[in-house]
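Before any comments, here is the structure.
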């Protein structure tokens with residue numbers, strides 16, 4: 001009998017073999033129930049007591065994770081504690097009780113769903129996945145309203161088993177995932193979720209293979225069935241045949257050997273076979289990400305997405321809040337590691353109450369990023385001051401996104417100089433030589449790279465947007481996937497043009513789009529002379545190992561050759577033929 005196969009999103013690499021255990025979904029109260037007139041204050045007191053109890057529970061988890069040295073998980077619970085003080089979440093629930101006489105459970109559920117739905121609608125995958133954190137916190141409060149404690153189903157469901165178990169669930173909350181015991185749980189599979197969810201991030205940090213977004217098929221499994229989780233390919237095999245089982249047992253052993261090989265590159269410089277050194281750094285969205293990236297071998301941060309500081313709150317982050325986040329990210333790596341802070345990249349596609357942005361028909365081409373910052377210098381200066389203050393504690397650099405014209409760059413630089421003068425007058429320390437650069441993601445800026453290179457300190461190529469703007473194809477539209485390939489020659493020509501222009505002015509060039517961590521692209525970019533590759537933390541060590549096998553002196557000709565090809569498929573075929581190390 002053939003094994004049943006399911007496909008989903010590969011959220012955490014690796015292979016797991018074990019018996020299926022079904023995690024039943026919690027029942028959340030649906031619909032709105034009300035209290036009697038005059039009972040509002042008593043219901044508010046009941047709600048506040050539940051919030052306090054949930055806060056105490058989270059504080060315990062936070063301290064336990066810190067004591068166990070699990071900094072990544074501790075950061076998540078710290079963020080959950082902050083959500084319990086969030087006016088848009090907790091304050092909104094209190095207002096529903098106070099003015100509409102909602103019962104506390106209904107108020108918490110509706111407020112949580114309102115915030116979660118807003119986050120889930122965003123175009124940024126990282127921010128979109130924060131909806132799960134909001135729901136996790138809401139459900140914790142609802143459990144406390146029913147005098148319940150956190151469900152122990154995750155921890156106890158596999159108890160007594162002589163082999164590792166594979167968890168199947170609609171979704172796993174960050175709380176559930178952080179408490180998984182890798183000695184008992186071999187892997188997990190969920191119907192919902194994405195690669196950047198906190199559940200997926202935690203799974204990667206503790207080394208548990210995971211597949212998410214499988215859909216309803218994940219719910220058809222039966223307790224006790226033998227299951228293989230291929231977290232590398234995103235495949236689940238149910239009741240595999242003996243041959244498949246043996247193959248995956250062999251892959252498990254190979255993965256153990258490969259991890260040992262990659263560990264040899266941890267803490268080592270990123271050097272090609274012929275001695276050319278580049279920087280391999282990470283894209284992050286939080287202080288927690290910075291710590292994880294440092295643990296994964298990144299040499300610094302090539303892109304700190306600062307948007308998370310603005311999301312899920314009714315007000316704007318203060319200068320001190322931002323300063324603390326940037327300072328802690330720098331301290332995660334140490335004094336000398338580069339930390340590139342991208343200034344706020346938010347637009348009309350993100351509904352932020354604090355900015356009161358108008359709905360736009362085409363937000364990707366609209367009022368966003370540097371365009372908002374130059375229009376709102378008060379908002380922009382707050383962030384610039386925070387970055388400058390944090391620069392006293394590490395090697396921070398400032399990067400402006402969505403720059404299309406020299407005028408925008410000069411206006412942004414002028415505001416940066418104003419912020420410097422203000423801090424000098426206030427006797428506040430900062431790095432007066434801090435580097436300032438721009439993201440190259442708009443073709444107009446790429447075409448003017450020679451002019452920009454005379455004035456900026458560096459470029460960082462954002463290929464995700466550069467591809468969609470060059471190919472006139474929305475990268476969120478699955479029907480246009482064939483146009484979203486960064487190997488299309490017109491995109492490669494723009495990248496080559498930008499690198500050449502920067503080097504002529506002795507400026508360095510990085511890349512912070514997904515292309516930077518793609519093995520097929522690395523030989524091309526190395527041949528073009530890219531100086532810094534910024535990628536997901538999990539891609540750093542494999543990229544360093546691959547780089548060590550490449551001879552840069554032989555790749556310049558390859559980089560030139562692909563510029564004259566007809567399409568992305570021709571480029572891919574040519575590189576695979578010319579770079580045998582890709583198959584190693």
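Read the figures in this text as sums done on the coordinates, not as results from a lab. This structure is a prediction, so every number in the text was calculated from the model and none was measured. As a convention, Cβ positions derive from the backbone with ideal geometry for all residues, glycine included, and neighbour counts pool all protein chains shown.
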>> Can you tell me the length gained on complete extension of the stretch residue 100 to residue 375, counting 0.36 nm per residue apart and subtracting the Cα distance?
In response: 95.2 nm
> Helix-derived [θ] at 222 nm for the chain: sum -39500 (n - 2.57) over DSSP H runs of at least 4, divide by residue count, nearest 500?
Replying inline: -13500 deg cm²/dmol
> So how far apart, in nm, are the two label points at residue 163 and residue 34 if each is 7 Å from Cα heading toward Cβ?
Replying inline: 5.7
>> Over 15 Å apart: what share of the alpha carbon pairs of segment 208-289 falls there, rounded to a whole percent?
In response: 74
> Taking the Cβ-Cβ separation of residue 223 and residue 250 as r and a Förster radius of 25 Å, what is the calculated FRET efficiency to the nearest 0.05?
Replying inline: 0.35
> Among rounded, prolate and oblate, which fits segment 447-584 when a ≥ b ≥ c are the square roots of the eigenvalues of its C-alpha gyration tensor, a/c under 1.5 means rounded, and a/b larger than b/c means prolate?
Replying inline: rounded
>> Based only on other Cβ atoms within 10 Å, what is the fewest-to-most ordering of 248, 310?
In response: 248, 310
>> If I model a spin label at residue 81 and residue 114 as a point 7 Å from the Cα along the Cα→Cβ vector, what separation in nanometres do I get?
In response: 2.7
>> Using Cβ contacts closer than 10 Å as the measure, can you line up 341, 166 from fewest to most?
In response: 341, 166
>> When only alpha-carbon atoms are used, what values of Rg and Dmax, in angstrom, describe segment 427-485?
In response: 16.0, 55
> Relative contact order of segment 402-459: what whole-number percent is it, with Cα pairs under 8 angstrom and at least 6 residues apart?
Replying inline: 45
> What percent does the relative contact order of segment 40-145 come to when contacts are Cα pairs within less than 8 Å and at least six residues apart?
Replying inline: 31
> For residue 567 and residue 3, FRET efficiency with R0 = 45 Å and r from the beta-carbon atoms, rounded to 0.05?
Replying inline: 0.75
> Separation between the residue 235 and residue 295 pseudo-spin-labels, each 7 Å from Cα along Cα→Cβ, expressed in nm?
Replying inline: 3.0
> If you take the C-alpha gyration tensor of segment 171-215, multiply each eigenvalue by 5 and take the square root, what semi-axes do you get, largest first, in whole Å?
Replying inline: 15, 11, 9
> What list of whole percents do you get for P(r) of segment 40-145, with Cα-Cα distances grouped in 10 Å bins up to the one holding the largest distance?
Replying inline: 16, 44, 29, 9, 1
>> Sort 344, 311 by Cβ crowding within 10 Å, fewest neighbours at the top.
In response: 311, 344
>> Compute and list, largest first, the equivalent-ellipsoid semi-axes of the chain from the alpha carbon gyration tensor, each √(5λ) rounded to a whole angstrom.
In response: 39, 33, 21
> Gain in length, residue 426 to residue 170, computed as 0.36 nm per residue apart minus the alpha-carbon separation, to one decimal in nm?
Replying inline: 86.8 nm
> Using alpha-carbon positions, what is the distance between the centroids of segment 240-307 and segment 507-584, in Å?
Replying inline: 17
> Given Cα pairs under 8 Å that are at least 6 residues apart, what percent is the relative contact order of the chain?
Replying inline: 14
> Stretched out fully, how many nm does the piece from residue 582 to residue 479 gain, at 0.36 nm a residue minus the Cα gap?
Replying inline: 34.2 nm
